[in-house]
Amino acid sequence: MTLFFSFLLNFIAADTVNLQQHLSASTFYEEGVASKNVKSFNEILKKNAGKSTVFKLPVGKIWINASILIPDHTTIAGDDKGSEMVVGNARGDFTEGILVNVDYSLGNATMNHNISLVNFTINGNNLDRGDKFIRGVFFNKVSNVFIHKLTVLNTTQEGIRVDVNNLSAIAENIEISDCFVSRRNYKDANIIVRSIMNDGANSAFWPSRVKNIVIKNNFSEGGVYGICLSNVSNVQAYNNTCISNFWRGIIVSPTCVDVLIKKNRIDSAGSTGIHIAFYGKNIIIDSNTVSNTLQDMSGKGYEGQGIKCYVGFSNLTITNNISYNNATDGIAIEGGADGRTFLIENNTVNNNKRHGIRLLSGPFVINKGGNIRDGKIKNNTASGNQMDAFSFTTEDKKYTIEGVTLNNNKLINAKGFKKVNVGNGIKVF
């Protein structure tokens with residue numbers, strides 16, 4: 001059963017509380033009204049904690065000045081005519097975000113369950129506390145999360161964040177769908193799902209604490225990343241649009257397993273469109289369109305690609321994508337740690353400012369090896385790229401590109417194949 005249908009069943013069976021009696025909607029901010037809204041909302045949520053309850057927001061702007069704490073088995077639903085929760089004063093008790101699960105801060109494995117946010121707007125109003133930025137949604141250690149048709153505007157930290165920060169807790173079944181997140185000129189990701197990592201250098205593999213994730217049909221504008229997946233497993237991210245994200249459109253890093261990235265549209269990312277890094281395993285990148293990355297923000301030639309994968313990947317599939325007019329390469333696979341077993345097939349790489357498809361071996365980034373092995377590059381089309389259609393290079397002769405075959409690729413108005421210091425590990429036929 002999908003989370004959507006599970007939500008519908010819970011919605012039908014749940015008690016309903018109309019919050020029009022408890023919350024005041026108004027055009028302009030008043031401190032007293034905002035304080036009363038927060039107090040009333042948190043009291044009625046606490047009163048109904050543990051019961052399956054749908055809380056229906058009133059029409060209009062609901063001003064707040066502190067966090068709303070959400071318990072288990074809670075659905076917050078907006079009115080079809082428009083319900084908007086707006087931060088009017090950021091100096092209040094905003095713990096980690098505007099909407100936060102009630103047990104987020106417990107330093108143990110205590111979980112919350114069954115929380116849904118549906119069909120309303122959260123507006124951070126460009127405000128922060130000075131000492132702390134404010135997220136839109138912050139859920140830590142929550143299973144069965146359904147976030148649907150939520151609009152998040154102008155939060156000074158992440159728009160939607162689902163997290164697990166305890167090695168003894170596992171969160172499962174997260175859906176974020178049909179949401180609109182716009183955060184121009186702000187730090188951190190618009191949408192992020194992650195679990196704890198004890199290794200700041202990303203040099204080891206850490207088991208995921210967040211599993212079974214669907215991120216679909218969302219629009220993500222601005223922020224550092226459009227969508228960020230960190231140390232998660234069993235993920236589907238599809239039909240999302242990521243526009244003008246400061247650094248990357250979609251980033252999958254580190255140690256993510258069993259991830260499908262499909263039919264997404266990414267345009268004008270600051271440095272890379274789709275970025276896979278640090279021990280990704282069983283990653284499929286299929287039928288995406290990526291264009292117009294702005295620059296190589298590494299300053300070393302390592303970024304600026306439409307699609308990039310590096311540092312210790314295994315079982316990587318890149319198929320049926322269109323990658324064009326990017327700052328460096330259309331598609332790139334790089335070393336940093338040994339990467340092996342990949343397929344690059346049926347992609348179109350056009351008018352990129354460096355190569356169409358590039359393989360670069362070497363020990364850069366974390367110096368944990370840097371060989372690239374066991375790959376097939378076939379049935380791709382390259383045209384109009386400013387340098388070679390295909391480039392295969394090593395930064396250090398101790399590292400190689402081996403067991404890679406090129407078969408039946410089509411070049412249109414393009415230079416051919418460039419090989420530098422890679423020996424006989426590449427076969428073209």
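The values are calculated or read from the model by the stated rules, or taken from the named source; none is laboratory data. Please read all numbers here as calculations on a predicted model, not as lab measurements. Glycine also receives a Cβ, built like all others from the backbone with ideal geometry; neighbour counts cover every protein chain displayed.
Of note:
- Candidates Asp93, Asp103, Asp79, Asp72, filtered to the one that is among the charged types (D, E, K, R) and out of contact with any strand residue (DSSP E or B) (no Cβ under 9 Å at 6 or more places or on another chain): Asp93
- Counted residues, the stretch 265-305 - those being part of a loop (DSSP other than H, G, I, E, B) and either closer than 23 Å to Thr348 by Cβ or in contact with a Leu (Cβ under 9 Å, 6 or more places away or on another chain) (or both): 17
- Listing of strands (runs of 3 or more DSSP E) fully contained in the stretch 146-252 that carry 3 or more residues being surrounded by 23 or more Cβ atoms within 10 Å (Cβ to Cβ): 160-164, 171-177, 191-195, 210-216, 225-230, 232-238, 248-252
For (1) more than 24 Å from Asn123 (Cα to Cα); (2) out of contact with any strand residue (DSSP E or B) (no Cβ under 7 Å at 6 or more places or on another chain), each residue gets a yes or a no:
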residue: Ser143; (1), (2): yes, no
residue: His148; (1), (2): no, no
residue: Asn165; (1), (2): yes, no
residue: Ile174; (1), (2): no, no
residue: Ser182; (1), (2): no, no
residue: Lys187; (1), (2): no, yes
residue: Tyr225; (1), (2): no, no
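- Contacts under 7 angstrom Cβ, first residue in the stretch 207-227 being without any contact (Cβ under 8 Å) to a residue 24 or more places away in the chain and closer than 14 Å to Val193 by Cα, partner aromatic (Phe, Trp, Tyr) and crowded, with 19+ Cβ neighbours inside 10 Å, 6 or more apart: none
- Whether a residue is over 14 Å from the mean Cα position of the chain (by Cα), closer than 16 Å to Leu360 by Cβ, basic (Lys, Arg) and part of a strand (DSSP E or B) was assessed, and Lys308 passes this test.
- Considering the stretch 378-429, the qualifying strands (runs of 3 or more DSSP E), each wholly inside and each with 3 or more residues that are at pLDDT 75 or above and polar (S, T, N, Q), run over 388-394.
- Of all the listed residues (Lys61, Lys56, Lys46, Lys51), the sole one being among the basic types (Lys, Arg), loosely packed, with under 15 Cβ neighbours inside 10 Å and modelled with pLDDT of 95 or more is Lys46.
- Being in a loop (DSSP other than H, G, I, E, B), surrounded by 17 or more Cβ atoms within 10 Å (Cβ to Cβ) and without any contact (Cβ under 8 Å) to a residue 40 or more places away in the chain is a description that does not apply to Asp80.
- Qualifying residue in the stretch 327-339 (condition: touching a Phe, Trp or Tyr at 6+ places or on another chain (Cβ under 6 Å), closer than 28 Å to Asn217 by Cβ and either surrounded by fewer than 24 Cβ atoms within 10 Å (Cβ to Cβ) or modelled with pLDDT of 95 or more (or both)): no
- The set of residues in the stretch 153-184 that are hydrophobic (A, V, I, L, M, F, W, C) and within 15 Å of Ile215 (Cα to Cα) comprises Ile160, Val162, Ile174, Ile176, Cys179, Phe180, Val181.
- Hey, Gly370 more than 21 Å from the chain's Cα centre (by Cα) and crowded, with 18+ Cβ neighbours inside 10 Å or not: yes
- Residue check, Ala66 surrounded by 18 or more Cβ atoms within 10 Å (Cβ to Cβ), in contact with a helix residue (DSSP H, G or I) (Cβ under 6 Å, 6 or more places away or on another chain), at pLDDT below 95 and of a type in the set (A, V, I, L, M): yes
- Test: residue in the stretch 148-168 that is among the β-branched types (Val, Ile, Thr), at pLDDT 95 or above and either touching a helix residue (DSSP H, G or I) at 6+ places or on another chain (Cβ under 9 Å) or at positive phi (or both): no
- Pair list, Cβ under 8 Å, 6 or more apart: the stretch 236-247 residue more than 13 Å from Gly223 (Cβ to Cβ), other residue outside any strand (DSSP E or B) and not polar (S, T, N, Q): Tyr238/Lys263; Asn239/Lys263
- Condition met for Leu343 (assigned to a strand (DSSP E or B) and buried (at least 17 other Cβ atoms within 10 Å of the Cβ)): no
- Filter pass, Ser323 being out of contact with any helix residue (DSSP H, G or I) (no Cβ under 6 Å at 6 or more places or on another chain), closer than 16 Å to Gly370 by Cβ, touching a residue at least 24 places away in the same chain (Cβ under 8 Å) and hydroxyl-bearing (Ser, Thr, Tyr): no
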